[in-house]
Amino acid sequence: MRPNVKGSIRQRLLFMLLLSTAAIAILLYVVVQSVAEQITQESQDNILAASAISILDSARVIDGEISIDLPYSSLSMLDSVTDERAFYAIHLNDEFLSGYADLPRIKNLSDIPTFQSSAYLGEDIRIASTRRSYSTLEGQAFLEVSVAQTLTGLNQSISRVSRLSLAIGFGFFLVSMIVALLIAQSTIRPLHSLTEAVSRRGPSDLRPVTAPVPTEMTPLVASLNSLMIRLQNSLSRSEDFIAEAAHRVRTPMAIVRTQAEVTLRRVEKEENRQTVREMIRAIDESSRTAGQLLDYAMVSFRTDDLAKEIIQLDALLAEIVDRLAPLSELRDVTITLNTPEKLKIVGDQILVQNAIQNVLDNAIKYSDVDTEISILLICKNDKANIIVKDRGYGFDNAEMRDLLKRFKRGQNAQQVIGSGLGLTIVDDIMGAHGGAISLSNNQEGGACVHLSFPL
Amino acid sequence: MRAFIISTIMLIISGSAHAFDVEDRKVFKGHDGEPVLRIISTADISYFAPMINSFRATRPDVTIDYTVASSTQVMQAIYEEKQPFDLAISSAMDLQIKLANDGYARKHTSYSAQDLPNWAVWNDMVFAFTQEPAGFVISNKLFEGYAIPKNRQELINTLRQNPKKFEGRVGTYDIRKSGAGYLFATQDARASDTYWRLTEVMGTLDPRLYCCASDMIADVVDGTLAIAYNVLASYAEQSPYIDAFTIVLPSDFSTVMLRTMLIPSTSKNPELATSFLNFALSQTHPTETSTMLQTKSLRQAKQSTLTRISLGPGLLVYLDYFKKKHFMEEWENAILQE
């Protein structure tokens with residue numbers, strides 16, 4: 001089922017981070033801009049003040065009259081970097097002495113220079129004014145000097161600063177964007193690794209997650225683990241139940257079969273004998289199913305905690321063939337075992353034996369009387385391969401894929417006793433060992449079962 | 001304000017305040033009589049005619065009305081009378097700067113800036129198209145037997161040692177009458193104290209004071225003057241009697257004046273003025289070989305002795321009422337020794 005998706009942690013995180021860095025970048029731009037503007041303005045003011053003071057300094061009282069000897073630098077300094085129009089005005093109290101009479105005057109002057117932005121002759125200007133007291137013939141008088149200049153250089157500096165602060169803001173945003181991406185990436189990395197760890201697991205791996213996770217994810221992992229444990233418990237409960245049930249059925253079944261055989265000997269009427277025979281056959285089928293169910297439960301139990309023993313496959317095969325000899329002889333089936341290589345694998349000996357036995361058991365069961373079963377053990381593709389071929393009916397091509405499922409039996413095998421669990425058990429065991437089972441038919445007829453184990 | 005400006009102007013000019021004095025005027029007829037470019041200039045017609053004629057070769061339809069006036073009269077015409085001239089050309093850099101500074105000039109930004117050195121433009125309003133050094137013009141005949149002075153100190157020594165010889169035979173600008181003379185005097189005074197010593201020595205020799213460079217050159221040629229101080233070398237070089245005198249750019253320092261153009265805000269045809277301005281700049285600046293920028297004497301002079309007057313509000317300082325009064329008084333005290 002596709003999960004119900006709403007939003008993305010990464011996107012939300014990224015969005016919040018970018019939003020805040022954009023805000024900081026804008027703030028940075030504004031701050032740099034305004035600080036730089038203030039500094040630029042101050043440096044212009046300082047030059048204007050220096051100019052005004054140099055004019056004041058050139059003033060002298062000669063015979064009680066003010067004389068001003070404007071220094072050349074007082075105006076030329078205003079124009080030293082950029083071309084600026086410059087204006088000045090000199091007043092003695094309210095009497096205009098020299099310069100530009102209609103230059104705006106700053107009110108409330110003091111002895112330290114005062115500044116004001118204004119407009120004059122159609123251009124924006126900055127004015128610095130200062131004054132000093134002199135004693136003239138008419139008594140104490142304030143000599144007031146104002147110097148003004150246009151803002152070409154100031155505006156140039158400000159636009160340069162503006163470009164610079166824009167670049168700083170933008171650069172900051174770019175760098176933070178990369179950092180934000182990295183942060184978002186690293187924040188969701190534990191989620192990714194948890195997902196990977198869970199999806200890497202085999203279908204029956206219900207162990208709790210033990211890999212370290214950040215505190216924020218502890219509740220999630222804790223509930224995941226508790227869910228796994230509950231699932232595990234309920235699974236094993238049902239398996240226990242099946243095994244218990246099978247066990248409980250098998251023993252009475254054996255008693256019933258013995259009784260039936262005894263009865264068969266006593267019964268003489270042919271139609272009654274037939275009925276009893278069918279009864280015995282049904283009992284056989286039931287007890288085999290019960291046996292397989294027990295096997296299946298055993299396999300489930302053992303694959304959960306797989307043993308790691310060294311298994312000598314050729315010896316194991318020989319032993320199994322030996323053990324099945326009575327069964328095969330009963331049907332006049334010859335088993336030829338061909339083990340050119342001595343191969344070892346690591347795994348659970350009991351399970352591997354069970355798997356091979358199941359396959360051979362099937363081969364014998366479904367073989368025609370007086371035929372041959374061949375077993376070949378070879379090493380191929382870095383795997384130990386056991387190939388079992390018989391001369392029976394073979395598999396129905398359409399059903400082949402389903403035969404590994406539980407309680408699924410071939411249509412052409414209905415008259416043979418079986419539970420439909422054998423190949424399922426083999427498949428589970430192979431899976432637990434990292435191996436595989438594949439089914440096919442021989443060209444000359446009969447089934448071919450191919451087991452491969454990693455070496 | 002008005003009263004003050006008029007008083008300032010009155011100091012500079014002599015004559016009536018209600019109409020500026022025209023010295024000369026020539027109309028260069030175009031094909032149709034329209035459009036008309038009105039130029040007011042301090043340069044003689046003969047000096048500027050070649051430029052006008054090359055412009056007319058590219059724009060034969062344009063009629064150029066060329067008016068010659070003194071620098072103070074150029075100021076008067078534009079500052080006070082707001083005459084609708086399209087171009088003002090003047091050698092009085094301070095007055096040109098004042099016009100521009102006080103808002104009487106148009107900004108002009110379409111010139112090809114890469115061709116113009118920084119010193120030649122002020123505020124995109126004032127454009128320099130010549131470099132004209134001021135120097136000594138010395139009569140060859142009257143200096144026979146004397147070493148030609150190479151700098152101001154040598155000139156001072158020569159004059160001091162031979163007061164009889166040079167009595168009444170030294171000439172310089174009357175800075176009360178000549179804008180260019182005042183500009184040179186103030187720049188010389190700013191550069192070195194030698195100026196004042198020279199002025200005082202000249203003052204003892206009953207100097208002749210002139211309004212114009214051409215009169216000084218003429219008096220040197222005819223032997224009235226042995227030496228003229230602060231004469232524009234560019235004018236002297238053009239004199240047909242160049243053999244009669246020697247031009248010396250003083251080796252201590254020579255002041256270089258820039259002749260400038262601006263488009264007055266009263267211009268009725270600023271586009272045409274712009275195209276003439278661009279034409280004039282393209283004729284003089286790009287190659288640095290124009291005779292207007294590199295006169296013969298400039299080429300021969302040692303570069304480190306040349307002091308180019310820089311365009312800028314510093315020039316306004318000497319137009320200040322007090323400053324001017326002060327300077328004039330000092331100058332009069334030095335030169336007019338009874």
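The values are calculated or read from the model by the stated rules, or taken from the named source; none is laboratory data. All values reported here derive from a predicted model rather than from experimental measurement. In this analysis, Cβ positions are derived from the backbone assuming ideal geometry, glycine residues included, and neighbour counts consider all displayed protein chains. Accessible surface areas use protein heavy atoms only, side chains included; no ligands, DNA or RNA. Shrake-Rupley method; radii C 1.70, N 1.55, O 1.52, S 1.80 Å.
Yes/no matrix, rows are residues, columns are (1) modelled with pLDDT under 95; (2) open to solvent by 10 Å² or more (accessible area, probe 1.4 Å); (3) at negative phi; (4) not basic (Lys, Arg):
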residue	(1), (2), (3), (4)
B:Lys29	yes, yes, yes, no
B:Ser54	yes, yes, yes, yes
B:Pro84	yes, yes, yes, yes
B:Ala88	no, no, yes, yes
B:Ser91	yes, yes, yes, yes
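What do you reckon, is A:Ser117 touching a Phe, Trp or Tyr at 6+ places or on another chain (Cβ under 7 Å), open to solvent by 40 Å² or more (accessible area, probe 1.4 Å), more than 11 Å from every other protein chain (Cβ to nearest Cβ) and of a type in the set (Ser, Thr, Tyr)? Show your work before the answer.
Values: touching a Phe, Trp or Tyr at 6+ places or on another chain (Cβ under 7 Å): no; open to solvent by 40 Å² or more (accessible area, probe 1.4 Å): yes; more than 11 Å from every other protein chain (Cβ to nearest Cβ): yes; of a type in the set (Ser, Thr, Tyr): yes.
No, not satisfied.
Among the residues of segment A:62-76 satisfying the criterion of being outside any loop (DSSP other than H, G, I, E, B) and more than 8 Å from every other protein chain (Cβ to nearest Cβ), which is surrounded by the fewest Cβ atoms within 10 Å (Cβ to Cβ)? It would help to see each step written out before you state the result.
Here is the first cut: in segment A:62-76, the ones outside any loop (DSSP other than H, G, I, E, B) are A:62, A:65-68, A:72-76.
From what is left, the residues that are more than 8 Å from every other protein chain (Cβ to nearest Cβ) are A:62, A:65-66.
On the way: A:Ile62: 7, A:Glu65: 12, A:Ile66: 18.
Applying the filter and picking the extreme gives A:Ile62.
Looking at this structure, is B:Gly181 more than 14 Å from every other protein chain (Cβ to nearest Cβ), touching a Cys at 6+ places or on another chain (Cβ under 9 Å) and open to solvent by less than 10 Å² (accessible area, probe 1.4 Å)? It would help to see each step written out before you state the result.
Numbers: more than 14 Å from every other protein chain (Cβ to nearest Cβ): yes; touching a Cys at 6+ places or on another chain (Cβ under 9 Å): yes; open to solvent by less than 10 Å² (accessible area, probe 1.4 Å): yes.
Judged against the criteria, B:Gly181 is a match.
Looking only at segment A:353-367, count how many residues are touching a residue at least 40 places away in the same chain (Cβ under 8 Å), open to solvent by 10 Å² or more (accessible area, probe 1.4 Å) and either outside the structural domain of A:His433 (by TED's automatic domain parsing) or not charged (D, E, K, R) (or both).
Residues in segment A:353-367 being touching a residue at least 40 places away in the same chain (Cβ under 8 Å), open to solvent by 10 Å² or more (accessible area, probe 1.4 Å) and either outside the structural domain of A:His433 (by TED's automatic domain parsing) or not charged (D, E, K, R) (or both): 4 in total.
Residues that are touching a residue at least 40 places away in the same chain (Cβ under 8 Å), farther than 25 Å from B:Thr199 by Cβ and touching a His at 6+ places or on another chain (Cβ under 9 Å): does segment B:261-268 have at least one?
Within segment B:261-268, the subset touching a residue at least 40 places away in the same chain (Cβ under 8 Å) is B:261-268.
Still in the running and farther than 25 Å from B:Thr199 by Cβ: B:261-268.
From the residues that got through so far, the ones that are touching a His at 6+ places or on another chain (Cβ under 9 Å) too are B:262-263.
Yes; the residues of segment B:261-268 include at least one that is touching a residue at least 40 places away in the same chain (Cβ under 8 Å), farther than 25 Å from B:Thr199 by Cβ and touching a His at 6+ places or on another chain (Cβ under 9 Å).
I need the full set of residues from segment A:368-404 which are under 12 Å from A:Asn442 (Cβ atoms) and touching a helix residue (DSSP H, G or I) at 6+ places or on another chain (Cβ under 9 Å), in order please.
Correct list: A:Ile373, A:Val388, A:Lys389, A:Asp390, A:Gly392, A:Tyr393, A:Gly394, A:Phe395.
Name, by its number, the condition in (1) in contact with a Phe, Trp or Tyr (Cβ under 7 Å, 6 or more places away or on another chain); (2) more than 30 Å from B:Lys296 (Cα to Cα); (3) of a type in the set (A, V, I, L, M, F, W, C) that does not hold for B:Val62.
So the condition that B:Val62 fails would be (1).
Taking the condition of being among the small types (Gly, Ala, Ser) and part of a strand (DSSP E or B), how many residues in segment B:126-165 meet it? Break it down stepwise before answering.
Kept after step one, since they are among the small types (Gly, Ala, Ser), are these residues of segment B:126-165: B:128, B:134-135, B:139, B:145, B:147.
Adding the requirement that they be part of a strand (DSSP E or B) leaves B:128, B:134-135, B:139.
Of the residues in that region, 4 qualify.
Could you pull out the residue among A:Ala52, A:Ala86, A:Ala59 that is more than 13 Å from every other protein chain (Cβ to nearest Cβ), surrounded by 17 or more Cβ atoms within 10 Å (Cβ to Cβ) and of a type in the set (Gly, Ala, Ser)?
Working: A:Ala86 fails: more than 13 Å from every other protein chain (Cβ to nearest Cβ); A:Ala59 fails: more than 13 Å from every other protein chain (Cβ to nearest Cβ).
Exactly one of A:Ala52, A:Ala86, A:Ala59 is more than 13 Å from every other protein chain (Cβ to nearest Cβ), surrounded by 17 or more Cβ atoms within 10 Å (Cβ to Cβ) and of a type in the set (Gly, Ala, Ser), namely A:Ala52.
Restricting to segment B:35-52, count the residues that are within 21 Å of B:Glu237 (Cα to Cα) and either of a type in the set (Val, Ile, Thr) or in a helix (DSSP H, G or I) (or both).
So in segment B:35-52, the residues within 21 Å of B:Glu237 (Cα to Cα) come out as B:41-52.
Now restrict to residues that are either of a type in the set (Val, Ile, Thr) or in a helix (DSSP H, G or I) (or both): B:42, B:45-52.
Adding up the residues that qualify gives 9.
In contact with a helix residue (DSSP H, G or I) (Cβ under 9 Å, 6 or more places away or on another chain) and under 30 Å from B:Trp331 (Cβ atoms): does that describe B:Pro250?
Values: in contact with a helix residue (DSSP H, G or I) (Cβ under 9 Å, 6 or more places away or on another chain): yes; under 30 Å from B:Trp331 (Cβ atoms): yes.
Taking the combined requirement at face value, the residue satisfies it.
Residues are listed down the side, and each one gets a yes or a no for (1) outside any helix (DSSP H, G or I); (2) in contact (Cβ under 8 Å) with a residue 60 or more places away in the chain; (3) farther than 30 Å from A:Cys448 by Cβ; (4) out of contact with any Pro (no Cβ under 7 Å at 6 or more places or on another chain):
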position: A:Val276; (1), (2), (3), (4): no, no, yes, yes
position: A:Ala282; (1), (2), (3), (4): no, no, yes, yes
position: A:Thr289; (1), (2), (3), (4): no, yes, no, yes
position: A:Ile311; (1), (2), (3), (4): yes, no, no, yes
position: A:Ala318; (1), (2), (3), (4): no, no, no, yes
position: A:Val321; (1), (2), (3), (4): no, no, no, yes
position: A:Leu351; (1), (2), (3), (4): no, yes, no, yes
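Quick test of your reading of the structure: B:His285 fulfils all but one of (1) closer than 23 Å to B:Arg176 by Cβ; (2) away from chain A (no Cβ under 14 Å); (3) touching a helix residue (DSSP H, G or I) at 6+ places or on another chain (Cβ under 8 Å); (4) open to solvent by less than 10 Å² (accessible area, probe 1.4 Å). Name the failing condition by number.
Going through the list (1) closer than 23 Å to B:Arg176 by Cβ; (2) away from chain A (no Cβ under 14 Å); (3) touching a helix residue (DSSP H, G or I) at 6+ places or on another chain (Cβ under 8 Å); (4) open to solvent by less than 10 Å² (accessible area, probe 1.4 Å), B:His285 breaks only (1).
Does B:Ser110 count as assigned to a helix (DSSP H, G or I), within 21 Å of B:Gln283 (Cβ to Cβ) and of a type in the set (Gly, Ala, Ser)? Quick ask: steps written out before the conclusion?
Values: assigned to a helix (DSSP H, G or I): no; within 21 Å of B:Gln283 (Cβ to Cβ): yes; of a type in the set (Gly, Ala, Ser): yes.
No.
Across segment B:196-216, which residue is nearest to B:Pro240 (Cα to Cα) among those that are of a type in the set (Ser, Thr, Tyr), open to solvent by 10 Å² or more (accessible area, probe 1.4 Å) and within 21 Å of the chain's Cα centre (by Cα)?
Taking segment B:196-216 as the starting set, the residues that turn out to be of a type in the set (Ser, Thr, Tyr) are B:199, B:204, B:210, B:214.
Filter again for open to solvent by 10 Å² or more (accessible area, probe 1.4 Å), leaving B:204, B:210, B:214.
Then keep just the ones that are within 21 Å of the chain's Cα centre (by Cα); that gives B:210, B:214.
Values: B:Tyr210: 20, B:Ser214: 12 Å.
Among them, the one singled out is B:Ser214.
Within segment B:109-122, work out how many residues are within 13 Å of another protein chain (Cβ to nearest Cβ) and open to solvent by 10 Å² or more (accessible area, probe 1.4 Å). Reasoning before the result, please.
Filtering segment B:109-122 down to residues within 13 Å of another protein chain (Cβ to nearest Cβ) leaves B:109, B:113, B:116, B:118-122.
From the residues that got through so far, the ones that are open to solvent by 10 Å² or more (accessible area, probe 1.4 Å) too are B:109, B:113, B:116, B:118-119, B:121.
Residues meeting the conditions: 6.
Is it the case, given these coordinates, that A:Glu244 is within 25 Å of A:Asp305 (Cβ to Cβ) and open to solvent by 70 Å² or more (accessible area, probe 1.4 Å)?
Numbers: within 25 Å of A:Asp305 (Cβ to Cβ): yes; open to solvent by 70 Å² or more (accessible area, probe 1.4 Å): yes.
In short, yes.
Among the candidates B:Ile138, B:Ile156, single out the residue that is free of Cβ contacts under 8 Å to residues at least 60 places away in the same chain, open to solvent by less than 10 Å² (accessible area, probe 1.4 Å) and either of a type in the set (Gly, Ala, Ser) or away from chain A (no Cβ under 14 Å) (or both). So that I can check it myself, show each step before the final result.
Numbers: B:Ile138 fails: free of Cβ contacts under 8 Å to residues at least 60 places away in the same chain.
After applying the criteria, what remains is B:Ile156.
What are the residue pairs meeting all of these: first residue in segment A:140-160, first residue free of Cβ contacts under 8 Å to residues at least 40 places away in the same chain and assigned by TED's automatic domain parsing to the domain that holds A:Leu70, second residue of a type in the set (Phe, Trp, Tyr) and surrounded by fewer than 19 Cβ atoms within 10 Å (Cβ to Cβ), Cβ atoms under 9 Å, and 6 or more apart or on different chains?
Listed pairs, sorted by first residue: A:Gln140/A:Tyr134.
Quick one: A:Arg10 ticks every box in (1) more than 14 Å from every other protein chain (Cβ to nearest Cβ); (2) modelled with pLDDT of 90 or more bar one, so which box is it?
Only one criterion is unmet by A:Arg10, namely (2).
Select from segment A:264-303 the residues that are over 45 Å from the mean Cα position of the chain (by Cα) and hydroxyl-bearing (Ser, Thr, Tyr) and write down the one among them that is most open to solvent (accessible area, probe 1.4 Å). Walk me through how you get there before you give the answer.
First, the residues of segment A:264-303 that are over 45 Å from the mean Cα position of the chain (by Cα): A:264-291.
Then keep just the ones that are hydroxyl-bearing (Ser, Thr, Tyr); that gives A:275, A:286-287, A:289.
Details: A:Thr275: 85, A:Ser286: 50, A:Ser287: 34, A:Thr289: 36 Å².
If we take residues in segment A:264-303 being over 45 Å from the mean Cα position of the chain (by Cα) and hydroxyl-bearing (Ser, Thr, Tyr), then A:Thr275 is most open to solvent (accessible area, probe 1.4 Å).
Search segment A:89-115 for residues that are modelled with pLDDT under 95 and pair each with any residue that is part of a loop (DSSP other than H, G, I, E, B) and acidic (Asp, Glu) when their beta-carbon atoms are under 6 Å apart and the residues are at least 6 apart or on different chains.
Listed pairs, sorted by first residue: A:Ser98/B:Asp320.
Kindly provide the set of residues from segment B:296-338 that are within 11 Å of chain A (Cβ to nearest Cβ), open to solvent by 10 Å² or more (accessible area, probe 1.4 Å) and not in a helix (DSSP H, G or I), ordered by number.
Hits for segment B:296-338 are B:Ser310, B:Leu311.
Hey, can you tell me all the residues within segment A:91-114 that are within 8 Å of chain B (Cβ to nearest Cβ) and open to solvent by less than 40 Å² (accessible area, probe 1.4 Å)?
Of all residues in segment A:91-114, those within 8 Å of chain B (Cβ to nearest Cβ) come to A:96-102.
Within segment A:91-114, A:Leu97, A:Ser98, A:Gly99, A:Tyr100, A:Ala101 meet the criteria.
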